[in-house]
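Trainee: Before anything else, here's the structure in question.
The values are calculated or read from the model by the stated rules, or taken from the named source; none is laboratory data. Just so it is clear, the structure is predicted and the values come from calculations on it, not from any experiment. Heads up, the Cβs are rebuilt from the backbone with ideal geometry, glycines too, and the neighbour counts pull from every protein chain shown. All accessible areas refer to the heavy atoms of the entire protein, side chains included, with ligands and DNA or RNA removed. Shrake-Rupley method; radii C 1.70, N 1.55, O 1.52, S 1.80 Å.
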Amino acid sequence: MRYKERILFTFLFSFLFFSTYSIAQEKPEFKLGGALRFNYNYSDWKEDSKKKGGDFGFDVFRLNLTGSYKKILFDAEYRFYANSSGGHMLKHGWFGYEFNENHQIQVGLTQVPFGVLPVTSNNFFFNLNYYLGLEDDYDMGVKYLFNKNAWNLALAFFKNSDILDFGDKQSLSPNRYSYDVGGRDKEVNQGNIQINYTCGNRFKQEFGLSGMLGGIYNMDTEKMGLRKAFAVHYSASYKNWDVKAQYTTYAMSPKKGNDENGSPIDRDFVTMGAYGANYNVARKADTYLATIAYTIPVNKGILDNIRIYNDFSMMHKRIDGYKDSYQNVSGILLTTGPVFTYIDYALGKNHSWFSNAWDDSFAQGDPSNKWNARFNINMGYYF
């Protein structure tokens, strides 16, 4: 083969090779993950649980799918619970565009930027803010993220809560992951802003402010009420220690119509729902959260790490006659490769998930006004 022909052949081969490689590189890339979890619990306020020595059963099977194509991003998680816990549901699902390392936009069912992210807690039960729809919440809308140097900014607009039941004045289904306003009310046209400042290398700290303002549409009166919240948070980590603290205040003012005399009805609670059931929540409250954790590296045998923690949260209801709610969880997390085991001793007072007074514990409170305890072990294989 002559010299010019060799050059031409080399050029054509190189062109075809790199074109094929480039095309292959431009194909969408996806990664599949998930988890299978089982749960044991012993609840001291349930007579059958005490007599049987607790219960052990299926918790959740979940699938996670993330992907990218050039600068387009994709992230979704679908969960399968027992029918008594709401059945199957989309936890989150969004696609977005990453303009560069500083700017990103997300559209779809995406996490509401409020408070410490992704969560303040270390335990299996989260904290009180989760049960009030103020933590690990996902709604339908658009979110813009900016980060540069020590500053992070999130701006979001959510048209409505996560899963809609379309129909003429149809109540919101509680078969969902995130707690949302339900019953005859619906969350609409919500705006969120969050600003965080981080500093430090060995001693890392984060200071954050969060604000939320949105509407509550009542299907009976066809009038718009108001929902607002504000939070300030702090988190720090040094060596194996982690601490988080957050103060939150919120108020909800749904339109409930008029009584027989034509005077406006002003209820002191709203209905909220998730995991297949609704309960009532005080429409005005302040919450206080504080957590501490210490991680012990082991790396012997099958055990990798032990994480010891205590998470405390309190809900002070700004309604006369309403009893405050409390939650404290002490526990450890055992990490064994892809297996994570939470061992928690949870205490709750005026708490719907820790009493027989499901409907009103987060509103008026449990009539017994006493502490209840739950010993819980959650084991999950994550892939």
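Trainee: Give the residues of region 201-225 that are closer than 30 Å to S237 by Cβ, in a strand (DSSP E or B) and open to solvent by 30 Å² or more (accessible area, probe 1.4 Å), sorted by residue number.
Mentor: Correct list: F203, K204, Q205, E206, F207, L209.
Residues checked against (1) over 30 Å from N372 (Cα atoms); (2) open to solvent by less than 60 Å² (accessible area, probe 1.4 Å):
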residue	(1), (2)
A35	no, yes
F58	no, no
L63	yes, no
T66	yes, yes
I72	yes, no
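Trainee: Pairs please, first residue from region 54-78 and outside any strand (DSSP E or B), second anywhere and of a type in the set (S, T, N, Q) and at pLDDT 95 or above, Cβ atoms under 7 Å, 6+ apart in sequence or on different chains.
Mentor: Correct list of pairs: G54/N41.
Trainee: Does Y247 satisfy the condition of being more than 28 Å from N369 (Cβ to Cβ) and in contact (Cβ under 8 Å) with a residue 12 or more places away in the chain?
Mentor: no
Trainee: Determine whether region 104-115 contains at least one residue that is in a loop (DSSP other than H, G, I, E, B), on the phi > 0 side of the Ramachandran plot, more than 11 Å from the chain's Cα centre (by Cα) and free of Cβ contacts under 8 Å to residues at least 60 places away in the same chain.
Mentor: The answer is no, given that none of the residues of region 104-115 is in a loop (DSSP other than H, G, I, E, B), on the phi > 0 side of the Ramachandran plot, more than 11 Å from the chain's Cα centre (by Cα) and free of Cβ contacts under 8 Å to residues at least 60 places away in the same chain.
Trainee: List pairs: first residue in region 171-188 and over 12 Å from T271 (Cα atoms), second residue open to solvent by 30 Å² or more (accessible area, probe 1.4 Å) and part of a loop (DSSP other than H, G, I, E, B) anywhere in the structure, Cβ distance under 7 angstrom, at least six positions apart or on different chains.
Mentor: Taking only residues 6 or more apart or on different chains, the pairs are N175/G276; R176/I163.
Trainee: Kindly check whether there is at least one residue in region 131-144 that is free of Cβ contacts under 8 Å to residues at least 40 places away in the same chain, more than 26 Å from N100 (Cα to Cα) and not charged (D, E, K, R).
Mentor: no
Trainee: Here's another thing I want to ask about it. Checking S85 against (1) closer than 30 Å to F375 by Cα; (2) crowded, with 23+ Cβ neighbours inside 10 Å; (3) of a type outside the set (K, R), which single condition isn't satisfied?
Mentor: (2)
Trainee: Would you point out which residue out of T271, T291, T198 is part of a strand (DSSP E or B), closer than 30 Å to F80 by Cβ, open to solvent by 30 Å² or more (accessible area, probe 1.4 Å) and of a type in the set (S, T, N, Q)?
Mentor: T271
Trainee: Filter region 97-156 down to the residues that are of a type in the set (S, T, N, Q), under 17 Å from G208 (Cβ atoms), open to solvent by less than 10 Å² (accessible area, probe 1.4 Å) and touching a His at 6+ places or on another chain (Cβ under 9 Å) and list them by number.
Mentor: Answer for region 97-156, where residues must be of a type in the set (S, T, N, Q), under 17 Å from G208 (Cβ atoms), open to solvent by less than 10 Å² (accessible area, probe 1.4 Å) and touching a His at 6+ places or on another chain (Cβ under 9 Å): just T120.
Trainee: Those residues that are modelled with pLDDT of 95 or more and under 16 Å from the mean Cα position of the chain (by Cα), I need them from region 158-174; list them, please.
Mentor: F158
Trainee: With modelled with pLDDT of 95 or more, in contact with a His (Cβ under 6 Å, 6 or more places away or on another chain) and not hydroxyl-bearing (S, T, Y) as the only criterion, which of F58, F80, F38 stands out?
Mentor: F80
Trainee: Exactly one condition in (1) touching a residue at least 12 places away in the same chain (Cβ under 8 Å); (2) open to solvent by 20 Å² or more (accessible area, probe 1.4 Å); (3) farther than 16 Å from L132 by Cβ is false for K228; which is it?
Mentor: Unmet condition: (3).
Trainee: Oh, and also: Scan region 173-193 for residues that are part of a loop (DSSP other than H, G, I, E, B) and not hydroxyl-bearing (S, T, Y) and jot them down.
Mentor: If the condition is that a residue be part of a loop (DSSP other than H, G, I, E, B) and not hydroxyl-bearing (S, T, Y), then P174, N175, R176, G182, G183, R184 are the ones that fit.
Trainee: Could you list all residues from region 65-98 that are among the hydrophobic types (A, V, I, L, M, F, W, C) and closer than 30 Å to E26 by Cα?
Mentor: L65, I72, L73, F74, A76, L90, W94, F95
Trainee: Another one. Identify, by number, the condition in (1) open to solvent by less than 10 Å² (accessible area, probe 1.4 Å); (2) without any contact (Cβ under 8 Å) to a residue 24 or more places away in the chain that N299 doesn't meet.
Mentor: Against the list (1) open to solvent by less than 10 Å² (accessible area, probe 1.4 Å); (2) without any contact (Cβ under 8 Å) to a residue 24 or more places away in the chain, N299 comes up short only on (1).
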